[in-house]
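Notes for the one structure printed next.
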Amino acid sequence: MHWYQWMALVALGFCVITCLFYFLRLIRLGKPQDLSKPAAKTGPGILFAFTGAMSPARKESALLHLPTYTAGIFYHLGTFLSIFLFFFIISGAYPSGYLALLIMILLSLSSLSGISILIKRLINGNLRSLSNPDDYLSNVLVTLFQAMTLFVMLSASPFLLFKDFSENFQMLYYLIFTILALYVPAGKLRHAVYFFAARYHLGFFYGRRGVWPAGKMKN
Amino acid sequence: MKDFSKDKKKKGLEVFQGNDDSRLITQVNSCVHCGLCAETCIYFQALHEARFIPARKVDLVSAIYRRYYTLTGKSVPWLTGARDLDENTVNEMIDLMYGACTMCGRCNMHCSIGIDIAHVVQTGRKMLANMGYVPASLQSTVDSAIRTGNNMAIPKDELIETIKWLEEDLRMEVNDDSATIPLDEPGKKILYTLNPREPKFFPLSISAMAKIFYAAGESWTISTRMYDVTNYGYFSGNEEEATIIAQRLFDEMKELGAERLVLAECGHGSRAFRWEAPNYLGTEFPFEVITSVELLAEYIREGRIKTDPEKIKGKVTLHDPCNLVRGGGIIEEQRYILQHTVNDFVEMNPHGIDNLCCGGGGGQLAMGEYNERRMKITGMKAEQIKKTEAKIVCTPCHNCVDQLTQTNASYKLGVKIMTLAEIVADSLE
């Protein structure tokens, strides 16, 4: 393995351990201690928080911003896919054939989605007013990571155009991955851990009070 | 602003230290500033200023957390927008937490991540309350409740006089000299609470409920010592004061030995006692707590009262109080009641758990300094009402009644605002 691959693995280790620390802290703090008499079971509310409540049909913010919502879905799919592919790429086991083509199409879409989200943040005054350097940096890093995953995939494919840059792409890919992995616990990207906890809490709250999944007569 | 000091800052930051569970720490670490919550907020919709976006309110609290409790915030605060808790931050917090949020929770349901934004705002209010920055007008409402037992400082004699007058009225109306509005009677099934606005401004809503209790043959009483369903300590963010108020109602329930506590038509009061008070007091309640909305639905369902929808003339629409629907899961009961009491019912759009706040929640009605803003944001509700072409707006919350009454006058809607009990009482056979 090259030095930059080792560097990426060390960064990944740091990222995983830190995120695990965040996660364990949440577990240690535990679920809400609520002494009020529940109106309903929390389970269906929590399930709904992770499913139906996230659909544009029930989420006004998604419905009113369908292009952004769709871009966000692709962007996150691309992120998960890129992380998944990292393990294949570092072990040299590249996907091939139609699977590789499908992955590259998806990564193209997700990278474009990342760029579109960045552009929106730059040009929309309301969004700009909410943003801090972390918002831009996080977006740029994740988008670059996806784009580099795409280029590394391309360089391993029959497209000769990219063959010549294979070594450079590899180094850049691992360098960006390293920066990203080191940055995840420091900025807003740590929502990767807290997102699940947030939806759990919202589902717990509304489930317990009988608001989600759907309002029903209490007796 | 009163002098800001290190001691106050320390007290403000204490809210992040007592993490009883993972809820708060989750919420202050979750916002990604996507801004999609903007249109869910009536303040942003009505006033079109970026500072009113719910994410901005979340960020004010989260930025302080980041500054003092994260490595990045401590070492490179500019990178993540971490903020010092100083006079500027406090001033902005007062304006946004108290003056630009009704804690209606509409943004919660539509947040991309799932942050309980109203809870974060409540945390911001707690910080301000810890530092002694509750707006004086809101604090005076809390003070009245603590000093006199009710937020309008109604003397006991005045309450008794009003109730006795209403009792005579009831006797004439039901043509029964034995009809009563029982006061301080122990061992009854129900202890019924009041919103102090009722004896002060809307006594007919007490009459309405008394008439319904009479028709249902209910065993009930009102306490003259502690009848106030409201708890403005919940809105001010001062949990100690909220606890004092809740404790009094809890004690009165035990004193009178009633089986069920029925919370009058008051959104935040219902939420504060039904859902928050057990946690303030650190105990599960040994008695049943229900809202009057649930009770009315129960009476109709069990046939204890008979209603005639023909008696209510004109199209009726319903305004859902945020704390009852989103904060308390009372969503279908009011609709069930209206199905049985009016013929011509039309829903607002949106309604139920997606309803728009009337603008009077979160203690806004008690804070005169934000009146102008409050009356601007209620324009959206006025538009909703206009579109229904209803003649009667029913709402099971006296706070909403107050706000909608002002909305009605300001926007010249020409509608009648009624509580659910009034609708039911008027439709009794």
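What is the Rg over Rh value, at two decimals, for chain B, using alpha-carbon atoms and the Kirkwood definition of Rh? All intermediate terms of the calculation are to be shown ahead of the outcome.
Working: Rg = 22.0 Å, Rh = 22.4 Å.
Ratio of gyration radius to Kirkwood radius for chain B: 0.98.
Give a quick list of GluC sites (Glu not before Pro) in the stretch B:216-308 that DSSP marks as loop, anything other than H, G, I, E or B, with at most 16 other Cβ atoms within 10 Å. Before the final figure, lay out the partial values.
Values: sites: B:218, B:239, B:240, B:241, B:252, B:255, B:259, B:265, B:276, B:284, B:288, B:294, B:298, B:302; in loops: B:218, B:259, B:265, B:284, B:302.
Qualifying residues, ordered by number: B:259, B:284, B:302.
Taking N as the number of residues in the stretch B:169-285, what is its Cα Rg relative to 2.2 N^0.38 Å? Walk me through the numbers on the way to the answer.
On the way: Rg = 14.8 Å, N = 117, 2.2 N^0.38 = 13.4 Å.
That ratio works out to 1.10.
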How big is the Cα convex hull of the stretch B:19-82 in projection, averaged over all directions, in nm²? 4.8 nm²
Kirkwood Rh (inverse of mean 1/r, distinct Cα pairs), the stretch B:269-332, angstrom: 14.1 Å
Skip the ligands, DNA and RNA, and give the accessible area per residue of chain A with a 1.4 Å probe, whole Å². 49 Å²
Local electrostatic count at residue A:120 - Lys and Arg +1, Asp and Glu -1, tallied over other residues with Cβ under 13 Å: +1
Considering only DSSP beta bridges with both partners in chain B, what is the antiparallel share in %, to the nearest 5? 5 percent
By what distance, in whole Å, do the Cα atoms of the stretch B:381-429 stretch along each of the three principal axes, largest value first? 34, 22, 14
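Could you tell me what fraction of 2.2 N^0.38 Å the Cα radius of gyration of the stretch B:90-143 comes to, as a two-decimal ratio? Please list the in-between numbers first.
On the way: Rg = 12.1 Å, N = 54, 2.2 N^0.38 = 10.0 Å.
Against the compact-globule rule of thumb, the ratio is 1.21.
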How big a patch of accessible area, both sides summed and in Å² to the nearest 100, lies buried between B and A at a 1.4 Å probe? 5000 Å²
Please compute the contact order of the stretch B:148-217 in relative form: average sequence separation of alpha-carbon pairs under 8 Å and at least six residues apart, divided by the residue count, as a percent. 38 percent
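Compute for the stretch B:289-429: radius of gyration divided by Kirkwood radius, i.e. Rg/Rh, restricted to C-alpha atoms, rounded to two decimals.
Numbers: Rg = 14.7 Å, Rh = 15.2 Å.
Looking at the stretch B:289-429, the ratio lands at 0.97.
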Translational diffusion coefficient (Stokes-Einstein; Kirkwood radius from C-alpha pairs) of the stretch B:228-351 at 37 °C, 0.692 mPa s, in µm²/s: 207 µm²/s
Cβ-Cβ FRET estimate between residue B:5 and residue A:21, R0 fixed at 35 Å, reported to 0.05: 0.55
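Output the direction-averaged projected area (hull surface divided by four) of the convex hull of the alpha-carbon atoms of the stretch B:337-401, in nm².
On the way: hull surface 19.6 nm².
That works out to 4.9 nm², a quarter of the Cα hull's surface.
In a shell of Cβ-Cβ distance under 10 Å around residue A:60, excluding residue A:60 itself, what net charge do Lys and Arg (+1) and Asp and Glu (-1) give? Please list the in-between numbers first.
Values: positive: A:58, A:59, B:106; negative: B:39, B:354.
So the environment of residue A:60 carries a net charge of +1.
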Just the C-alpha atoms of the protein assembly as shown: what Rg/Rh do they give, with Rh taken as the Kirkwood radius? 1.04
Which one of A:124, A:140, A:66 is farthest out on the positive end of the charge dipole of the protein assembly as shown, using unit charges on Cβ (Lys, Arg +1; Asp, Glu -1) and the Cα centre as origin? A:140
How are the C-alpha pair distances of the stretch A:60-131 spread across 5 Å bins, as whole percents from the shortest bin up? 4, 15, 18, 22, 15, 10, 7, 6, 3
Share of alpha-carbon pairs per 10 Å distance bin for the stretch A:1-143, given as whole %: 9, 23, 32, 26, 8, 1
Percentage, to the nearest whole number, of Cα pairs in the stretch B:16-172 over 20 Å apart: 58 percent
Arranged from highest to lowest average of other beta-carbon atoms within 10 Å per residue, in what order do the peptides B:417-429, B:77-89 appear? B:417-429, B:77-89
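Calculate how large, on average over all directions, the projected area of the Cα convex hull of the stretch A:118-195 is; give the answer in nm² to one decimal. Don't jump to the answer; show the numbers that get you there.
Working: hull surface 25.7 nm².
With the hull built on Cα positions only, its mean projection is 6.4 nm².
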Formal net charge of residues neighbouring residue B:362 (Cβ-Cβ distance under 11 Å; K, R +1; D, E -1): +2
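What is the antiparallel percent of DSSP beta bridges lying wholly in the protein assembly as shown, to the nearest 5? Write out the running numbers ahead of the final one.
Working: 1 of 21 bridges.
The antiparallel proportion sits near 5 percent.
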So what's the Cα pair-distance distribution over the stretch B:104-208, bin width 5 Å, in %? 2, 10, 13, 14, 13, 11, 10, 10, 8, 5, 3, 0
Let me know the whole percent of all Cα-Cα pairs from the stretch A:62-217 that are separated by more than 18 Å. 66 percent
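The values are calculated or read from the model by the stated rules, or taken from the named source; none is laboratory data. What you see is a predicted model; the values in this text were computed from it and never measured. Cβ atoms come from the backbone with ideal geometry, glycine included; neighbour counts cover every protein chain shown. Accessible surface areas use protein heavy atoms only, side chains included; no ligands, DNA or RNA. Shrake-Rupley method; radii C 1.70, N 1.55, O 1.52, S 1.80 Å.
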